[in-house]
Ligand SMILES: O=C(O)CCC(=O)C(=O)O
Ligand SMILES: [Fe+2]
């Protein structure tokens, strides 16, 4: 894949050559500001209520309490539909992934006071849970995984579960996602790892380590706090985690993650027959699923596209060609 640094002008958020080089060295970039903190706080106050309206959620069959319950709310919620298409995000995605980019997944990551941090992990095929690939890159690709933007909907500090990364680990997979993991929600909030309360929503990534004796080198970990309205970009194959919410503040921390790949990537091919995705203790049918073309055009036709939300709001293309 050729990667071009582009000229930065007003309204344009393509990465500079230095930012790109930095991204490829470390595997993450940011934080960048999408909303000022006060604006984000007002947005969240409003959208929190909107999100309770589940009359048009894409996966009405997903059960409450399962990890898939609030997947892909950008497909029904207008605010999130705008967020995933914003040029501040999409131009940067396109600087790394090329001109033709889809958003295929979004998720919320809430941490309430006292909650464990997210344990160290990497995602290449996103099939670590069920052992079946969710995304497949074309043969011979340099990269795998998805580019993630993780946006802080509330402040995320070292005391309130900010993200952590181990820079430069994005090129080696320390986990074999084809093994699949056991789901056991009784594991949640139970375990300290090196003195830090961490877990993975009922999964334990140690079950699928390539080398059972390996441990992530936490001495190299960096914490990346974000103010409400800021976002970080990272490869899903970068070793990443979050710190626990220590409970000193009574405010929950909420992350919103959206995942992007080039149009050449095939999403949910392995679920073509069943039309069902199963992970994190839940499942949902793909009837309303569609990827969103946020940049360029689709010359492959691998994926079902959604051009509008379930409420009929069109998605915008931030970088048409
Ligand atoms: O927010 C978190 O604690 C974890 C987020 C994460 O793992 C992801 O966005 O891939
Ligand atoms: Fe993750």
TODO: Identify the residue in the stretch 154-183 that is out of contact with any strand residue (DSSP E or B) (no Cβ under 7 Å at 6 or more places or on another chain) and part of a helix (DSSP H, G or I) and, among all such residues, is surrounded by the most Cβ atoms within 10 Å (Cβ to Cβ).
DONE: 177
Task: Failed item, numbered, when residue 231 is tested on (1) more than 14 Å from ligand 2 (Cβ to nearest atom); (2) under 22 Å from residue 171 (Cβ atoms); (3) not in a loop (DSSP other than H, G, I, E, B) - done: (2)
TODO: Name, by its number, the condition in (1) modelled with pLDDT under 95; (2) more than 15 Å from ligand 2 (Cβ to nearest atom); (3) out of contact with any strand residue (DSSP E or B) (no Cβ under 8 Å at 6 or more places or on another chain) that does not hold for residue 279.
DONE: (2)
Open item on the list: Can you tell me which residue is farthest from ligand 1 (Cβ to nearest atom) among those in the stretch 185-205 that are in contact with a strand residue (DSSP E or B) (Cβ under 9 Å, 6 or more places away or on another chain) and part of a helix (DSSP H, G or I)?
Closed with: 187
Task: Count of residues meeting criterion [closer than 17 Å to residue 291 by Cα, part of a loop (DSSP other than H, G, I, E, B) and without any contact (Cβ under 8 Å) to a residue 60 or more places away in the chain] in the stretch 40-77 - done: 1
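Take the residues of the stretch 94-112 that are crowded, with 17+ Cβ neighbours inside 10 Å and within 15 Å of ligand 1 (Cβ to nearest atom): which is farthest from residue 28 (Cα to Cα)?
Of everything passing the filter in the stretch 94-112, 111 is farthest from residue 28 (Cα to Cα).
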Task: Flag if residue 107 is touching a strand residue (DSSP E or B) at 6+ places or on another chain (Cβ under 9 Å), over 28 Å from residue 247 (Cβ atoms) and either in contact (Cβ under 8 Å) with a residue 24 or more places away in the chain or part of a helix (DSSP H, G or I) (or both) - done: no
- [ ] Look at the stretch 243-256 and say how many of its residues are more than 13 Å from the chain's Cα centre (by Cα) and either part of a loop (DSSP other than H, G, I, E, B) or within 14 Å of ligand 2 (Cβ to nearest atom) (or both).
- [x] 9
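For every residue, the table says whether it meets (1) within 15 Å of ligand 2 (Cβ to nearest atom); (2) more than 17 Å from residue 123 (Cβ to Cβ); (3) crowded, with 16+ Cβ neighbours inside 10 Å.
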{"position": "215", "(1), (2), (3)": "no, yes, no"}
{"position": "222", "(1), (2), (3)": "no, yes, no"}
{"position": "264", "(1), (2), (3)": "no, yes, yes"}
{"position": "267", "(1), (2), (3)": "no, no, yes"}
{"position": "287", "(1), (2), (3)": "no, yes, no"}
TODO: Exactly one condition in (1) over 30 Å from residue 26 (Cα atoms); (2) surrounded by fewer than 21 Cβ atoms within 10 Å (Cβ to Cβ); (3) at pLDDT 95 or above is not met by residue 252; state its number.
DONE: (1)
Open item on the list: Would you confirm, using the coordinates I've provided, whether residue 259 is within 24 Å of residue 138 (Cβ to Cβ) and either modelled with pLDDT under 95 or assigned to a loop (DSSP other than H, G, I, E, B) (or both)?
Closed with: no
- [ ] Take the residues in the stretch 120-143 that are modelled with pLDDT under 95 and within 14 Å of ligand 1 (Cβ to nearest atom), then tell me which one is nearest to residue 178 (Cα to Cα).
- [x] 128
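The values are calculated or read from the model by the stated rules, or taken from the named source; none is laboratory data. The model shown is predicted, which means the values in this text are computed figures rather than measured ones. As a convention, Cβ positions derive from the backbone with ideal geometry for all residues, glycine included, and neighbour counts pool all protein chains shown.
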